[in-house]
Amino acid sequence: MMFFEYFIWGAWYVPVATWLGQTLHFSGQQIGLVMGTTALGAVVSPFLVGLMADEYFANQKLLGALHGIGGVLLWYASTQTSFWMVYFILLIYALCYMPTMALTNALAFRQMQDTQKDFGSIRVLGTFGWIVAGTLIDKVLAKLPGLQGIEASPTPLRLAAIVSIIMGIYSLTLPHTPPLRAAHGFS
């Protein structure tokens with residue numbers, strides 16, 4: 001779970017700036033705005049998704065839905081060429097993806113016997129996922145015939161989209177992790 005979670009982010013987040021600048025010819029300011037979508041997603045989305053996870057939906061189901069939707073959004077973003085379309089699609093994507101980091105942590109913590117002893121060895125798989133994604137794109141795929149210059153193409157977004165959909169399906173097989181509180185409504 002942690003490997004896939006951070007593989008997805010590592011696969012698209014670093015190379016997207018190259019694609020936006022070299023291929024789509026976005027300005028530095030536009031690239032900065034696109035890269036900032038994750039920060040906006042991290043600030044805004046926990047309010048709504050946290051409420052849904054705490055009161056309405058099991059973590060693994062919410063995680064599956066967000067990654068499934070996120071995969072579709074990443075693929076759609078990879079087909080766009082205008083700044084505003086790329087920006088708004090990736091903003092919506094960030095609103096879906098950023099809370100999944102907290103959901104994976106919450107799901108892991110709730111399933112562990114000894115969180116202090118076990119969490120580090122589980123979370124390090126996320127770091128490994130980020131590294132594998134970057135290495136796969138930069139050192140492996142970029143060496144294959146026809147994939148030179150992969151970072152300047154939409155392929156990293158498409159790879160992340162596919163893994164996100166796989167993560168969405170995989171999430172539905174994770175242990176049941178029901179909401180902690182009964183529905184109290186938004187206040």
> residue 111 to residue 143: extension gain in nm, 0.36 nm per residue of separation minus the Cα-Cα distance?
Replying inline: 7.5 nm
> Just how far, in whole angstrom, is the stretch 98-172 from the stretch 17-80 if you go by their alpha carbon centroids?
Replying inline: 14
> Per residue and in Å³, how big is the convex hull formed by the alpha-carbon atoms of the stretch 1-54?
Replying inline: 86
> By average Cβ neighbour count within 10 Å, what is the ranking of 95-102, 108-115 from highest down?
Replying inline: 95-102, 108-115
>> If you wrap a convex hull around the alpha carbons of the stretch 47-178, what volume per residue comes out, as a whole number of Å³?
In response: 113
> Does anyone have the angle between helix 2-12 and the longest principal axis of the chain? Alpha-carbon axes, 0 to 90°, nearest 10?
Replying inline: 30
> Helix 83-111: angle to the longest alpha-carbon principal axis of the chain, degrees 0 to 90, nearest 10?
Replying inline: 40
> Normalized C-alpha radius of gyration of the stretch 36-117, against 2.2 N^0.38 Å?
Replying inline: 1.22
>> Quick check on the chain: helices-only [θ] at 222 nm, where DSSP H runs of length 4 and up contribute -39,500 (n - 2.57) each and the sum goes over total residues. Nearest 500, please.
In response: -22500 deg cm²/dmol
> Pairing the Cα long axis of helix 115-135 with the longest principal axis of the chain, what angle in degrees results, from 0 to 90 and rounded to the nearest 10?
Replying inline: 20
>> Averaged across orientations, what area in nm² does the convex hull of the alpha carbons in the stretch 101-187 project?
In response: 8.7
>> Can you tell me, using C-alpha contacts under 8 Å and at least 6 residues apart, the relative contact order of the chain as a whole percent?
In response: 46
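Read the figures in this text as sums done on the coordinates, not as results from a lab. The structure presented is a predicted model; accordingly, all values stated were derived computationally and were not measured. Positions of Cβ are generated from backbone atoms using ideal geometry, with glycine treated the same way; all protein chains shown enter the neighbour counts.
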